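Enquirer: Following this message is one structure expressed as structure tokens.
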Amino acid sequence: MFFFEDLWELLCLDRFRLKTRAFSDSLIQGISEPMTNTKCLSSEIEACRDDSAALVLKLIAIASILLAGIVGIAIPLIGKQRRFLRTDGSLFVAAKSFAAGVILATGFVHMLSGGSEALTNPCLPKYPWSKFPFSGFFAMVASLLTLLVDFVGTQYYERKQGLNRASEEQARVGSDDAVSESGIVPFAGAKEPNGPNGKVFGEEEGGGMHIVGMHAHAAHHRHNHPHGQDACDGHKHGQGHGHGHSHGHGHGHGHGFSEGDEESGVRHVVVSQILELGIVSHSVIIGLSLGVSQSPCTIRPLIAALSFHQFFEGFALGGCILQAQFKTLSTALMACFFAITTPAGIGIGTGISSFYNAHSSGALIAEGILDSLSAGILVYMALVDLIAADFLSKRMSCNFRLQVVSYFMLFLGAGLMASLAIWA
């Protein structure tokens, strides 16, 4: 009986309307409240306040984080000519696994918990902020929206690549006819999958692979290779020949899964852009948080934590940008934008620190929502586009040593980044 009474109250439209109105009023009032309001301050932070020492530490933080970001993103981009730093090398896969663990821990342990702490702060009105887990809700929404953007972006680039491929095929028909009239008939099956021009079966001129080429590539792989243990044996044999195609080897399918199982350049383009979006969004937030702080006790541990985290995020992003095969200008712009975002956030935070109160209702709500959204994006990218893409690939399943090393590096990166939450 009590159950039906409670159910009736929930179904009552008037009660629901009043609750909705109260929530919207509270949200608007909290956000519109001036962020300079000083009615709610942290006595612990005020006790450690030292404006001059904080300014010096902020300048050190800008230099340290900027350097860490530049070095992190430059290693895969500049070191691509080095054999041990190639994207199809085991060292790169292991380092990328470590970076994926760092990003995953950043989302779960730092951003999500920070958002939850901000949205449940005692300075906020009890209703609605303590009545609903808003941090988890916003993280979920961000993950689903990231999935949608990921899907739409992939479809767009695949369609764009397909149109370009169709026009190229039409242009080739005439040249093929001319060659066949001269008595030389090209045989598509005789073309090396990774021949002198360095392309795999179905790959485009620009390095990407449109959807038709990707399906042809997959069909070519299935046709030429068995499954199960035999497929792994063929994969290992292919790796031995994978780098020798440019010297005339004719192995049936030996690109060595350098881009993962049947991955296309299209996926790497979308992944790199969404990953940069997620990293940049939370980099601005943490930069502002550090910049507005006037407490050396808060800033000191953040310098080491953010430098560590910026380095490995840069490494993961640099690897994705390299695999996407952007033009030099686009690569440089993405790398620079990543490197300067957190230092720029610190500079902006320093500029507004004299009148900004991080403990006002408006600041707490904005910080909590943005932290939660960033957490959702980072968790999605780490699990789906970094960890799953590598750990569920044929290359990983066929190399036990690489599995052990990659899992160890993944857990090590996540554990180290999570442990930094003790100090920062």
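Enquirer: Rolling a 1.4 angstrom probe over the protein heavy atoms, how many square angstrom per residue are accessible across the stretch 64-119? Before the final figure, lay out each step's value.
Expert: Values: 2320 Å² over 56 residues.
Heavy-atom SASA per residue in the stretch 64-119 reads 41 Å².
Enquirer: Can I ask one more? If you stretched the chain out fully between Arg401 and Ala421, how much longer would it get, using 0.36 nm times the residue separation minus the C-alpha to C-alpha distance?
Expert: On the way: separation 20, 0.36 × 20 = 7.20 nm, distance 3.11 nm.
Contour length minus Cα-Cα distance gives 4.1 nm.
Enquirer: Using r as the Cβ-Cβ distance of Glu169 and Met140, and R0 as 56 Å, what FRET efficiency do you calculate, to the nearest 0.05?
Expert: Numbers: r = 43 Å, r/R0 = 0.77.
So, using R0 = 56 Å, E works out to roughly 0.85.
Enquirer: Given R₀ = 41 Å, FRET efficiency for Tyr156-Thr120 by Cβ-Cβ distance, to 0.05?
Expert: Numbers: r = 39 Å, r/R0 = 0.95.
For R0 = 41 Å, the calculated efficiency reads 0.60.
Enquirer: Same structure, new question: So, in Å, what gap is there between the alpha-carbon centers of the stretch 325-365 and the stretch 77-147?
Expert: What the calculation gives is 17 Å, centre to centre.
Enquirer: Among Ile70, Ala118, Val152, which residue has its Cα furthest toward the positive end of the charge dipole of the stretch 58-165, with +1 on Lys/Arg Cβ and -1 on Asp/Glu Cβ?
Expert: Of Ile70, Ala118, Val152, it is Ile70.
Enquirer: Sticking with this one: State the extension gain, in nm to one decimal, for the chain segment bounded by Arg49 and Ile78, taking 0.36 nm per residue of separation less the distance between their alpha-carbons.
Expert: Fully extending the segment from Arg49 to Ile78 adds 6.2 nm.
Enquirer: Then there's this: Expressed as a whole percentage, what fraction of the accessible surface of the stretch 313-391 belongs to carbon and sulfur atoms when a 1.4 Å probe is rolled over the protein heavy atoms? Each step should come with its number before you reach the end.
Expert: Values: 1960 of 2610 Å².
Carbon-and-sulfur percentage of accessible area, whole number: 75.
Enquirer: Which of Leu373, Val284, Ala358 sits farthest toward the positive end of the charge dipole of the stretch 255-376, with +1 on the Cβ of Lys and Arg and -1 on the Cβ of Asp and Glu?
Expert: Value: Ala358.
Enquirer: Using the basic label-point model (7 angstrom from Cα toward the beta carbon), what is the Ser90 to Leu59 distance in nanometres?
Expert: For Ser90 paired with Leu59, the spin-label model returns 4.8 nm.
Enquirer: Moving on. Using Cα pairs under 8 angstrom and six or more residues apart, how large is the relative contact order of the stretch 257-347, in percent? Before the final figure, lay out each step's value.
Expert: Values: 63 pairs, mean separation 50.3, N = 91.
It comes to 55 percent, rounded to a whole number.
Enquirer: Dipole magnitude of the stretch 308-424 about its Cα centre, charges +1 at Lys/Arg Cβ and -1 at Asp/Glu Cβ only, in debye to the nearest 20? Display every interim value, and only then the final one.
Expert: Values: 4 positive and 5 negative charges, 90 e Å.
Dipole size: approximately 440 debye.
The values are calculated or read from the model by the stated rules, or taken from the named source; none is laboratory data. All values derive from a computational prediction rather than experimental measurement. When we count neighbours, we look across all protein chains shown, and the Cβ atoms used for this are built from the backbone with ideal geometry, even at glycine. Accessible surface areas use protein heavy atoms only, side chains included; no ligands, DNA or RNA. Shrake-Rupley method; radii C 1.70, N 1.55, O 1.52, S 1.80 Å.
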